[in-house]
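Engineer: I am attaching a structure below and will ask some questions about it afterwards.
The values are calculated or read from the model by the stated rules, or taken from the named source; none is laboratory data. Keep in mind the model is a prediction, meaning the values are calculated, not measured. FYI the Cβ positions are ideal-geometry reconstructions off the backbone, even for glycines, and counts take in every protein chain you see. Areas reflect the complete protein model, heavy atoms only, side chains present, ligands, DNA and RNA absent. Shrake-Rupley method; radii C 1.70, N 1.55, O 1.52, S 1.80 Å.
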Amino acid sequence: MIHHVPLRPPARDFLADEWNIIEKRFRPEFLAQLETIMALGNGYLGMRGCPEEGGPNVENATLLNGFYEIRPILYAEEAYGFAKTGQTIVNVTDSKIIKLFVDDEPFWLPNANLLSYDRRLNMKSGTLDREILWETPAGKQVLIASRRLVSFANRHVAAISYRVTLLKAPASVVISSEMKADEPSVFTNANDPRQTRVFAGRVLHPRTSYAKDRRIVLCHATEKSRLTLACATDHALETPCTHAHRVSYTEDFGQVAFTIDARAGCSIDLAKFMVYHTSGTASVEELCGRAEWTMDRVTTQGFQQLLLSQEEFMEDYWRRGDVRVRDVREERTKRSTVEIQQAIRFNLFHILQASARAEDAGVPAKGLTGQAYEGHYFWDTEIYLLPFLIYTSPQIAKNLLTFRYKMLPQARARARELGHRGAMFPWRTISGEEASAYYAAGTAQYHINADIMYALRKYVQATGDEAFLRDCGAEMLVETARLWLSLGFYSEAKGGKFCINSVTGPDEYNTVVNNNAYTNLLARENLRYAAQTVDALQATAPDAYNALVHKTALELFEVEAWICAADRMYVPYDERLKIIPQDDSFLDREPWDFRNTPRDHYPLLLFYHPLNIYRKQVIKQADVVLAMFLLGDTFSLESKKRNFEFYDALTTGDSSLSSCVEAIIAAQVGDTHKAIEYGMAALLMDLADVGGNVKDGCHIASMGGTWMMLTYGLGGMRDNDGTLSFWPRRAPEDNAILRFPVKYRGQMLEVEIGVEKVEYTLREGESLVICHESEKIQLTRQSPVALRPVSKRVREEQTSADPRSNATGRLG
């Protein structure tokens, strides 16, 4: 249940448009929110949506994925095994500054007389576009049109097209293109653990700076993480007007100032190219050379070629990933449908910006739209984001899983430090080292191991990439299975069941508990998958099996022990309520007093001591309900319904990760009202600032959850047993049609759920077998389309027992 009041100011001002987020007037009161919403990125490089003129701004961040500084984590009272070193993403050189002066008067948005204003996040082209008509104090009218992009095709490149046109009178114009290093980080609330940490001293230390004609290169390095950054800018100016330029630079600043005798009606076109390269090993000279090589290429191509490659990339992305909603009625499409489509594409666009070129890195919780959570990678990636990437961009999904695989050495070391065998992946990290300073809601979340293995299994089943499983996945499975066996024990008090104590599940309002149901259920899947994989390798790929034994020193008795632990895994169950308690003691706690909790006291973590929260029955985010979604075929429909109704009343919605999952389960159990309520909260999490903190960055995991809500929830997609099947649910509006593509085993399927029928179309590939409910359907190149009715029987089946499981669910 969402107990706080959603905040909706930004969305209210956006025009309904399927492909653009449009701002029609300058709104300084929403500056921070719009910096996030209008941000651009490609997974490696991100720029918040601040004005080109250098301000005004709240958090003027330019971020590079994986570029961080380290700091000691200080504790008032130390204890063995606490994380020692924090990592924080660094606000790097701001290269997008373009200041405009007309007759020596600066263009500054807060003071400018704006005759027209149009700024839009163009999700079709992948650009941030702005057009302004400014009347100077002298009465001259100046048309300013800019277009900014962070290139997907060229990972290290961003560019701006900046056009100035004097409409009715000549003027003296100066365009000052600038770059500035060592920008400060913003830390707005010291009591909010989600905020980034600010370093006391200088973070970026100058290494070299130089200029060549209109090109400037600044190179800096961090002191402790020893990462080096080279940032270069270059320019192309086209105008029939007389002009000149002057270049100046210091170790932290660069400027190319163009002076133009502007004539009325004559355009001044400036193209600014920006390049970023980083390394932990390259010399300063080599890194600057790399930046210049890249710059030589993009300046030769020009801005229009960069734009063309951007549009081609976006066209391919929307072909693979677009989820479409349309109204079947003859009259003009309803505004609400357009707004829903706009919100869907906004979420999917920011997922792309967070992940597309995240190579040898993870996806930060905020993507590259803000510094909150310090640029760390969490379990969010595997559980909420990877499903979308697996079924639309499997190469990106593979890159992210490979990045986890490369963490294995540190994960093994962390497990030893904690007294375990195997590997323990970090709860939050950039470098691979654990960076969580609060063990109760950090290190204790052992479920991250099972989350990564859950995503691995989904990836392998959907892609058929057995090579990755052999080369990388099997090793991770062995080490995570070892950890579960060393962490748990067989409890006489629980009838000899395998128990896992002192862990924290996804719900961070209940920490260090015994037998968290989510953790135990996912650990069971991890153990079984590890055993199945080892057995399969031994039987069918002896060379791969021998290589695995060599890398892990695996003994066969270990596999037998994993199977035994999985078969005897303890999962709490209450006979009276017929629900799964979240943990052993959850039902013994006093329920939280929601009635007397002020609505402005959410999230609870900012207003109540953790102990006051921990001792109550209150939930930050879906925990058991999440397990019911991830392991859908483990639970009967009736079991899902009982658990959903019980936990829904206790869930605050304080986490952005909750609404999307609750919407899926609500749809599965037939609670249409709550499916819509929670679905809209997830869909508008950032556009409507539902959590009140979009200023800190986008909720990337929630955006991935939005896709799951549409495909798994309304689309009824299921993939629990490795077979792609669909149990479609009608869209909330009777006249809406839902259409989405799915990439499966290298082939492209399109699913369209209409008012009376479901249409399955094989768009790419030779042959694909899927299931419509329990019916197998084979699609081929010769017969690529299959139609099935959305019948009354299907709707009734959604509120009766799930035919694929028994009445109580298989609970071990």
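Engineer: Rounded, prolate or oblate for segment 81-126? Axes are the square roots of the Cα gyration tensor eigenvalues, ordered a ≥ b ≥ c, and the cut-off for rounded is a/c under 1.5. Present the calculation step by step, with values, prior to reporting the outcome.
Structural biologist: Numbers: a/c = 3.45, a/b = 2.06, b/c = 1.67.
Judged from the Cα gyration tensor, segment 81-126 comes out prolate (a/c at least 1.5, a/b above b/c).
Engineer: Which ³J(HN,Hα) values in Hz, rounded to whole numbers, follow from the phi angles of segment 372-378 under the Karplus curve 6.51 cos²θ - 1.76 cosθ + 1.60, where θ = phi - 60° and Gly and Pro get x?
Structural biologist: Going residue by residue, I get 4, 6, 6, x, 7, 9, 10 Hz, with x marking Gly and Pro.
Engineer: Output the relative contact order of segment 451-545, whole-number percent, from Cα pairs under 8 angstrom with separation of 6+ residues.
Structural biologist: Working: 85 pairs, mean separation 24.1, N = 95.
RCO, segment 451-545: 25 percent.
Engineer: Of the accessible area of segment 222-313, with the probe set at 1.4 angstrom, what percent is carbon plus sulfur? Spell out each step's value before the answer.
Structural biologist: Working: 2020 of 4170 Å².
Ligands and nucleic acids excluded, carbon and sulfur reach 48 percent.
Engineer: Given only helices, namely DSSP H runs of n ≥ 4 each adding -39500 (n - 2.57), what is the per-residue ellipticity at 222 nm of the chain, to the nearest 500 deg cm²/dmol?
Structural biologist: Values: 20 runs with 240 residues, N = 812.
After summing the helix terms and dividing by the residues of the chain, the value is -9000 deg cm²/dmol.
Engineer: For segment 493-639, which whole percent of the accessible surface, found with a 1.4 angstrom probe, sits on carbon and sulfur atoms?
Structural biologist: Roughly 50 percent, rounded to a whole number.
Engineer: By per-residue mean of other Cβ atoms within 10 Å, what is the highest-first order of 401-408, 227-234, 633-640? Walk me through the numbers before you get to the answer.
Structural biologist: On the way: 401-408: 18.6, 227-234: 25.4, 633-640: 20.9.
The most tightly packed comes first, giving 227-234, 633-640, 401-408.
Engineer: With a cut-off of at most 11 other beta carbons within 10 Å, and DSSP calling the residue loop, which GluC sites (Glu not before Pro) in segment 270-363 qualify? Please list them.
Structural biologist: On the way: sites: Glu285, Glu286, Glu292, Glu311, Glu312, Glu315, Glu330, Glu331, Glu339, Glu359; in loops: Glu330, Glu331, Glu359.
In loop regions of segment 270-363 (DSSP not H, G, I, E or B), the sparsely surrounded GluC sites (Glu not before Pro) are Glu330, Glu331.
Engineer: Please give the peptides 778-789, 518-529, 260-271, 712-723 ranked by average Cβ packing (other Cβ atoms within 10 Å per residue), highest first, as a rough proxy for protection.
Structural biologist: Details: 778-789: 13.3, 518-529: 25.7, 260-271: 17.7, 712-723: 19.2.
Descending packing order for the listed peptides: 518-529, 712-723, 260-271, 778-789.
Engineer: If Lys and Arg each add +1 and Asp and Glu each add -1, what is the summed charge of the other residues whose beta carbon sits under 11 Å from the beta carbon of Tyr678? Let's see the in-between values first.
Structural biologist: On the way: positive: Lys674; negative: Asp648, Glu662, Asp671, Glu677.
Once all neighbours under 11 Å are counted, the net charge is -3.
Engineer: Cα axis of helix 408-417 to longest principal axis of the chain: angle in degrees, 0 to 90, nearest 10?
Structural biologist: 60
Engineer: Rounded if a/c is under 1.5, else prolate if a/b is larger than b/c, else oblate: which is segment 365-417, with a ≥ b ≥ c the root eigenvalues of its Cα gyration tensor?
Structural biologist: Working: a/c = 2.47, a/b = 1.26, b/c = 1.96.
Because a/c hits 1.5 or more and a/b fails to exceed b/c, segment 365-417 counts as oblate.
Engineer: While we're on this one: Any of Lys124/Lys695; Lys84/Lys224; Lys578/Lys620 with alpha carbons more than 18 Å apart? Name them for me.
Structural biologist: Numbers: Lys124/Lys695 24 Å; Lys84/Lys224 14 Å; Lys578/Lys620 22 Å.
Lys124/Lys695; Lys578/Lys620, as the Cα separations exceed 18 Å there.
Engineer: Still on this structure, please answer the following. Sort 616-624, 347-355 by packing, meaning the average of other beta carbons within 10 Å per residue, with the highest value first. Intermediate values should be presented prior to the final figure.
Structural biologist: Numbers: 616-624: 24.3, 347-355: 26.7.
Put in order of decreasing packing, that is 347-355, 616-624.
Engineer: Mind checking the per residue accessible area of the chain for me, 1.4 Å probe, whole number of Å²?
Structural biologist: Working: 29800 Å² over 812 residues.
In whole numbers, the chain has 37 Å² accessible per residue.
Engineer: Same structure again: Measure nothing fancy, just the Cα-based angle from helix 474-487's long axis to the longest principal axis of the chain, in degrees from 0 to 90, nearest 10.
Structural biologist: 60
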